[in-house]
Amino acid sequence: MWSSSSFPPSSPPLTLCKPRSNSSLSLSLPTKTPNSHVDVGDGGSSAATPSIPPFHVKSITSTSNPFVKHCVKLRNSSSYRHSHGSVLIVGTTPLREIYNFQESMQEKPTTIDCLLLHEKTSVPEEFVESGVRVVRVNSMVMKKLSGLQSTESIDVVSLVKIPSTFHSLENNHHEDFSKWFPSAYRILVLDGIQDPGNLGTLLRSAVAFGWDGAFLLPGCCDPFNEKAVRASRGSEGSGLSKEAHEACELVNIRMAGAFESLNVSVAGGIFLFMLQPQNKKFD
């Protein structure tokens, strides 16, 4: 079982569970050199891939760079992610949600280790004075990192620590859960949710409606799978057109705190159920 509570902004922490190792691997960084601008290409890698690029590295232009390969493996492999305790987050929207959530918390459950920023993009305003490492990459590297065919809308990929509020129960079924759920009364228990899109959508909905946590039983996919993370971010970007907005009677679904939105399919399903005729009968 797994457990975690670092999720989008201004909402109660959510705790999460499933059987898996969550050990952390200590990696050494190469010694800093006097060079201020060094581009790491195909060679020069150390025996252990660094968890973040060496501090003298300001840009990466090669898709064969060892750190790029490390990031791609974080995106593709659940066991690799958990052994390194790191997650690759693609895009600006989930990054800003993580940042805003961090700002709303007294204790920071996670750390943004590094921003891999497209060479033609400005540093996001929130991170200008943050001290977070910024490494510039070209379009080929951004495509490799993101795993997307089109990266026109992708300006940043970030390397984020798996939250300290995420727990792996392994075979210890007698663990004291009260330290994770001090005042819990609504816990989402998921069994055999294999589709990462469905999992991410369920977790986002649980946060939006103020649930206290979630248990992922055996058979559930990794909540840090790239598709699960993508599904857990904000829904449609543009929203209603101006014409539709003016022609409609607007309604809303109340959510916890300043939560931005539900997944559009979830919101649509709720309205389809709520707005059906009261005398409607189902066999």
Exclusive hit being under 19 Å from the mean Cα position of the chain (by Cα) and either touching a residue at least 24 places away in the same chain (Cβ under 8 Å) or part of a loop (DSSP other than H, G, I, E, B) (or both), set 202, 250, 240, 262
262
Name the pairs whose Cβ atoms lie under 7 Å apart, with the first residue in the range 55-76 and closer than 13 Å to residue 140 by Cα, the second assigned to a loop (DSSP other than H, G, I, E, B) and of a type in the set (A, V, I, L, M), and 6 or more positions between them or separate chains?
60/40; 65/40
When only residues in the range 140-175 that are open to solvent by less than 60 Å² (accessible area, probe 1.4 Å) and of a type in the set (Ser, Thr, Tyr) count, which is farthest from residue 105 (Cα to Cα)?
151
Residue ID - modelled with the lowest pLDDT, chosen from residues in the range 79-131 that are closer than 18 Å to residue 165 by Cα and among the polar types (S, T, N, Q)
106
Scanning the range 148-188 residue by residue, the ones that are modelled with pLDDT of 75 or more, assigned to a loop (DSSP other than H, G, I, E, B) and touching a Ser or Thr at 6+ places or on another chain (Cβ under 8 Å) total 9
Do any residues in the range 222-235 that are under 16 Å from residue 265 (Cα atoms) have Cβ atoms under 6 Å from those of residues that are open to solvent by 30 Å² or more (accessible area, probe 1.4 Å), where the two are at least six apart or on different chains, and which pairs are they?
233/93; 234/93; 234/260; 235/263; 235/264
Among the residues of the range 113-136, how many are without any contact (Cβ under 8 Å) to a residue 60 or more places away in the chain and either touching a Ser or Thr at 6+ places or on another chain (Cβ under 6 Å) or basic (Lys, Arg) (or both)?
2
Filtered residues of the range 191-213 (kept if open to solvent by less than 20 Å² (accessible area, probe 1.4 Å) and among the aliphatic types (A, V, I, L, M))
199, 203, 206, 207, 208
Pull up the range 88-137, narrow it to residues that are under 25 Å from residue 203 (Cα atoms) and of a type in the set (Ser, Thr, Tyr), then point me to the one that is least open to solvent (accessible area, probe 1.4 Å).
110
Top-ranked residue in the range 214-242 [being of a type in the set (D, E, K, R) and modelled with pLDDT of 85 or more; ranked as least open to solvent (accessible area, probe 1.4 Å)]:
222
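The values are calculated or read from the model by the stated rules, or taken from the named source; none is laboratory data. Since this is a predicted model, take the numbers as computed values, not measurements. Cβ coordinates were reconstructed from backbone atoms using ideal geometry, including for glycine residues, and neighbour counts include every protein chain displayed. Ligands, DNA and RNA are excluded from the accessible area calculation, which covers all protein heavy atoms including side chains. Shrake-Rupley method; radii C 1.70, N 1.55, O 1.52, S 1.80 Å.
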